[in-house]
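Single-structure report; data block below.
We did not get these values from a lab; they are worked out from the coordinates using the rules stated. Given the structure is predicted, the values throughout are model-derived calculations rather than measurements. Virtual Cβ from ideal backbone geometry, glycine too; neighbours counted across all protein chains shown.
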Amino acid sequence: MTIRGNTTDDIDRAILRVLNRNARKSFREVAKETGASVTGVIQRIKKLEESGIIKGYIPVVDPEAFDVHLIAVIELRISQGKLLETQERIAKDSRVIAVYDLTGEWDSLLVGYFKDRDDLNQFIKTVLSMKNVARSVTHVVLNVVKEERRILV
């Protein structure tokens, strides 16, 4: 696997698999699980961080613990060549967890976490009032079957 000119090998992938299961494991525990030396694990993780392959470590939290009870997927049509500018403005909203450029009928896809329908309604009205947003379609998520941010190596 090559990422940005950096090559990861089987040991790097083994380290990443361990960190994907629990990024709070000690270097010693990672070394034990991968069969690498502690020094080797430290150096490899540092290399993976410096090269941008590992971008950070975050806790995986339950959204409902933060009063988030609604997930929405929103498709947007953005006019007049202002796609990136409009997406960047929308992405600043803390409720938005993902913004994607799309091919096909829609220009952009957003994923957002909302407290309730009123919160979602206010967000949609704000987005639709933006100068270059021509149209939207909103899908409310009924059940989350799978939601995975990790790249499973």
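What does the charge count around residue 69 come to, taking other residues whose C-beta lies under 14 Å from its C-beta (Lys +1, Arg +1, Asp -1, Glu -1)? Charge balance near residue 69 sits at -3. The C-alpha atoms of the chain define a longest principal axis, and helix 38-50 lies at about 30 degrees to it. For the range 2-50, the average shadow cast by the Cα convex hull is 3.2 nm², which is a quarter of the hull's surface. Short-range pairs are left out: with C-alpha atoms under 8 Å and at least six residues apart, the relative contact order of the chain is 24 percent. Taking a temperature of 10 °C and a viscosity of 1.306 mPa s, what whole-number D in µm²/s does Stokes-Einstein yield for the range 63-140 with Rh from Kirkwood over alpha carbon pairs? This corresponds to a translational diffusion coefficient of 126 µm²/s.
By average Cβ neighbour count within 10 Å, what is the ranking of 136-145, 93-102 from highest down?
Highest-to-lowest ranking by the protection proxy: 93-102, 136-145.
Of the chymotrypsin sites (Phe, Trp or Tyr not before Pro) found in the range 1-75, those in coil by DSSP whose Cβ has at most 13 other Cβ atoms within 10 Å are 57. Remark: the range 8-22, residue by residue, has Karplus-estimated 3J(HN,Hα) of 9, 10, 4, 5, 4, 5, 5, 4, 5, 4, 5, 5, 5, 6, 6 Hz, where x stands for each Gly or Pro and the curve is 6.51 cos²θ - 1.76 cosθ + 1.60 at θ = phi - 60°.
Along the range 125-133 the Karplus relation, 6.51 cos²θ - 1.76 cosθ + 1.60 evaluated at θ = phi - 60°, assigns HN-Hα couplings of 5, 5, 5, 5, 7, 5, 3, 9, 8 Hz to successive residues, with x for each Gly and Pro. Sequence-ordered 3J(HN,Hα) estimates for the range 56-73 from the Karplus curve with 6.51, -1.76 and 1.60 and θ = phi - 60° stand at x, 10, 9, x, 9, 10, 7, x, 5, 5, 10, 6, 9, 10, 9, 10, 10, 10 Hz, glycine and proline given as x. Pairs over the 25 Å Cα-Cα cut-off, from the set 55/131; 55/146; 25/47; 25/46: 55/131. For the chain, a crude dipole built from +1 on the beta carbon of Lys and Arg and -1 on the beta carbon of Asp and Glu, taken about the Cα centre, is about 400 debye to the nearest 20. Once each of the GluC sites (Glu not before Pro) sitting in a DSSP loop with at most 15 other beta-carbon atoms within 10 Å is removed, the chain keeps 1-104 as its longest stretch. Sites listed here are trypsin sites (Lys or Arg not before Pro) in the range 28-89 whose DSSP assignment is loop and whose Cβ has at most 10 other Cβ atoms within 10 Å: 55. Once C-alpha pairs closer than 8 Å and six or more residues apart are averaged by separation and normalised to the residue number of the range 63-140, the relative contact order reads 46 percent. Mind grabbing the base-10 log of I(q)/I(0) for the chain at q = 0.11, 0.16, 0.20 Å⁻¹? Debye formula, identical points on the C-alpha positions, no solvent, two decimal places. Reported log10 I(q)/I(0), two decimals: -0.62, -0.94, -1.13. Its relative contact order, with pairs defined as Cα atoms under 8 Å and 6+ residues apart, puts the range 2-50 at 32 percent.
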